[in-house]
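K.L.:
Sharing a structure below in structure tokens format, with a few things to ask.
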Amino acid sequence: MKVIVHNALSELGWNETFLRALPESVNLSDDQLVGRVKRLDRGWSTFLCVTVGEITATQTLRECRVRNIGADVAVGDWILVTPDLERIVKVLPRQSRLVRRASSDGTRNEAQTLAANINFVFLVHGLDTAPNERRLERELVLAFDSGAQPVVVLTKSDAASASAISEAQAIMVATSLGVRVHVVSSVTGDGLTELRDYTRDGATIAVLGASGVGKSTLVNALTGTESQQTGATREGDNKGRHTTTAVDLVALPTAGWLIDTPGVRAVSLWTSGHGIERAFKDIFTLAERCKFRDCKHGTEPACAVQEAIGTGALDAARLESMGRLVEEEAVLEEEQARAERDAR
Ligand SMILES: Nc1nc2c(ncn2[C@@H]2O[C@H](COP(=O)(O)OP(=O)(O)O)[C@@H](O)[C@H]2O)c(=O)[nH]1
Ligand SMILES: [Mg+2]
Ligand SMILES: [Zn+2]
């Protein structure tokens, strides 16, 4: 099977890897539907699709709905659906996924996939408040773990003085170690052109950040629509709202896709690959020069990390922050191991 590169499906993010995952599906037939989940509400998945037989042809996408009973689906997932729209046959293997812990109160040990098959994660922070590097560190771990590429977006530049912007920018650049940091304003449009560069070629971008930082306004500014509701909610109000507007795959004029995630007070880690190592690669690099292999960077002699703190090369708060995330991950891994044992 050959894929025509510029058809509606590839603009939706379809690629050869998804195509190869199809023949492994049971009972594949030409009239089944293959599509991408655009929105989830109360047990239903809305998805953009074509039939299997139409995959290689240039075509227009249809919007359909299917119940997602028994299927673990997230916005951005590619799914195979029966011709009668009765059920989801298969969720194609995810090429990346932004996952967080469903609740941070420690009572529920469950993962929540915020977005699937994403290429970039925009980590949005507002310049109208003091830079929060601790939160950014946590978001970077989450983003690196997703398999997508993080990009830091400092928005509301119109609401901050030039000196406040450069100060915040310096802090966030130092925190994100080589990850690109953009300064933008959704109101004046400053900096948006650079962000649009990420959206080409059917790329999908998840937009992550605290409530009120300006995510939805940014999505609207990039798409030139008012698809996302903005400003209306405060954090405390989130409970009573229904989840229909929570997550949505929104089309960009430049053939890319945005997923606006609900604002979360605190993002909790799920498990991870190497998110912590990547987000704190400065500390991991230093640690290679510690005398002891299992150095905890506390009171051990010849600790390169403590030496760096001593010379001012490393902020002690950053080491503490990493320690908290490592601890959180260890607790989570323990819980998961226990849950696995209990299930046996
Ligand atoms: N001055 C200014 N205000 C903004 C900007 N972006 C968002 N806002 C305001 O910040 C508030 C929260 O924005 P919203 O997009 O709803 O935040 P979200 O919770 O992250 O989706 C709203 O009152 C917006 O009008 C911006 O670039 N400049
Ligand atoms: Mg919003
Ligand atoms: Zn050490």
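The values are calculated or read from the model by the stated rules, or taken from the named source; none is laboratory data. Owing to the predicted nature of the structure, the values given are computational and were not obtained by experimental measurement. We place every Cβ from the backbone using ideal geometry, glycine too, and count neighbours over all the protein chains shown.
K.L.:
Out of the residues in region 196-215 that are within 24 Å of residue 138 (Cβ to Cβ) and assigned to a helix (DSSP H, G or I), state the one that is farthest from ligand 2 (Cβ to nearest atom).
P.N.:
Step by step, filter region 196-215, then rank; the result is 198.
K.L.:
Right, another one. Could you look through region 173-195, keep only residues that are within 16 Å of ligand 1 (Cβ to nearest atom), part of a helix (DSSP H, G or I) and without any contact (Cβ under 8 Å) to a residue 60 or more places away in the chain, and pick out the one that is surrounded by the most Cβ atoms within 10 Å (Cβ to Cβ)?
P.N.:
Within region 173-195, the match that is surrounded by the most Cβ atoms within 10 Å (Cβ to Cβ) is 192.
K.L.:
Yes or no: residue 256 at pLDDT 80 or above and not assigned by TED's automatic domain parsing to the domain that holds residue 335? First the steps, then the outcome.
P.N.:
Numbers: at pLDDT 80 or above: yes; not assigned by TED's automatic domain parsing to the domain that holds residue 335: yes.
Taking the combined requirement at face value, the residue satisfies it.
K.L.:
Sticking with this one: Could you grab me the full set of residues in region 62-84 that are β-branched (Val, Ile, Thr) and either within 17 Å of residue 31 (Cβ to Cβ) or surrounded by 15 or more Cβ atoms within 10 Å (Cβ to Cβ) (or both)?
P.N.:
Within region 62-84, the subset β-branched (Val, Ile, Thr) is 66, 69, 73, 75, 79, 81-82.
Those that are β-branched (Val, Ile, Thr) and either within 17 Å of residue 31 (Cβ to Cβ) or surrounded by 15 or more Cβ atoms within 10 Å (Cβ to Cβ) (or both): 66, 73, 75, 79, 81, 82.
K.L.:
Another one. Please find, among 162, 170, the residue that is without any contact (Cβ under 8 Å) to a residue 24 or more places away in the chain, among the aliphatic types (A, V, I, L, M) and more than 30 Å from residue 269 (Cβ to Cβ).
P.N.:
Values: 170 fails: more than 30 Å from residue 269 (Cβ to Cβ).
That would be 162, the only listed residue that is without any contact (Cβ under 8 Å) to a residue 24 or more places away in the chain, among the aliphatic types (A, V, I, L, M) and more than 30 Å from residue 269 (Cβ to Cβ).
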